[in-house]
Amino acid sequence: MKSTALRRFTVLIGILSLVLAACGDGDGNGNGDGDGDGTSTGGAGALADVSLDGIDIAVGSKDFTEQLVLGQMMVVVFEELGANVEDRVNLGGTNVAREALLAGEIDTYMEYNGTGYSVHLGIEGDVPDDPDTLTQAVREGDLEQNEIQWLSQSPFNNTYGFASSPEVTDANGGAFDMQSMADYMSENPDSIMCLESEFPSRPDGLVLFEEATGFEVPESQIEILDTGVIYTETANDNCEFGEIFTTDGRIPALGLTVVEDPGVMILYNVSMNLRDEKYQEAPDAFDAIADAILAPLDNDTMQELNRQVNEDAEDPADVARQFLIDEGLIEG
């Protein structure tokens, strides 16, 4: 009888231990609130041990599709990991978003290394043509001068580029590169390059193409159109070449062929910009989040996410959430 009672007592203790473990919060201290030090609250996969419990954060973005999607990725992840999030996605243009960050009106938004280098820091001279070198230069300069952190770096490079129309692409036997594009336009003076109004005068615009190829595009071969019209007119063979952004969702949607760039245009990889004061509240967590979001985002992936918003009329927040679920970063 004593042996039976002992066994029952042992089983009871085991059951109580399991119940207590199930009621715990996963941080090993029995504290379910978390403190932003790496405790899991809602992440999965690479973010399973990350928490932002108790952290207040205001998330902003610029006002175009890619920025809306990237901004909503941060909103969704931060909320899933326990932060109190103020959604200020879709603030406006670059200057508006940057000034909001510097003024502390927002804590974070996604920014491009080429913009950081040439616009925000105003560094003169040639822009580095290696993305790691470029981002590191911006990271060090912006932290020192403005106490802004640049976290991680996307594989995708949303730079300026050109697309060729279906007709000239077929005649060329496939994609052009910058030099063969210049040669085609030189040999075919009736051919048209469709551009946005500011592209011919931007220091990171048409001049880079002309310097690299030695072909100065005559005004007679330039047609100025609105951004969206350029894509459709190029797809309809009304522009032999059109200026594009290389991660735009209309590229795959319209079957456009991107002109291969050997490194002519300035790089625009994206990083999470975060005020250092906020970063210091949970540096390991923010580093892990930035890496987890940005690492899968190559050009094809970003194009597809943009396409879902532009062509399928999906909500950027829904596109962002589904991406995070598909990548195993949050639970579905």
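On a per residue basis, the chain carries 46 Å² of accessible surface, using protein heavy atoms and a 1.4 Å probe.
222 nm [θ] for the chain, helices only, -39500 (n - 2.57) per DSSP H run of 4+, per residue, to 500?
Calculated mean residue ellipticity at 222 nm is -12500 deg cm²/dmol.
Of all DSSP-defined beta bridges confined to the chain, some 60% are antiparallel rather than parallel. How many percent of the accessible area of the chain is carbon or sulfur, using a 1.4 Å probe? Roughly 46 percent of what the probe reaches on the chain is carbon or sulfur. Distance from the C-alpha centroid of the stretch 279-332 to that of the stretch 161-221: 33 Å, rounded to the whole angstrom.
Can you find, among SER164, MET110, VAL50, the residue farthest towards the positive end of the dipole of the chain? Put +1 on the C-beta of Lys and Arg, -1 on that of Asp and Glu. Highest projection toward the positive end goes to VAL50. At 24 Å minimum axial length over the Cα atoms and a Kyte-Doolittle cut of -1.0, report the qualifying DSSP H helices in the chain, or say none. In the chain, the long hydrophobic H runs are 2-23.
Only one item in (i) 23.8, 103; (ii) 18.2, 56; (iii) 24.9, 104 matches Rg and Dmax of the Cα atoms in Å derived from the coordinates shown, and that item is (iii).
The values are calculated or read from the model by the stated rules, or taken from the named source; none is laboratory data. If you're wondering where the values come from, they're calculated on a predicted model, not measured in any experiment. Because the Cβ atoms are built from the backbone with ideal geometry, glycine has one as well, and the counts that use them run over all protein chains shown. Heads up: the accessible areas ignore ligands, DNA and RNA and are worked out on the full protein's heavy atoms, side chains in. Shrake-Rupley method; radii C 1.70, N 1.55, O 1.52, S 1.80 Å.
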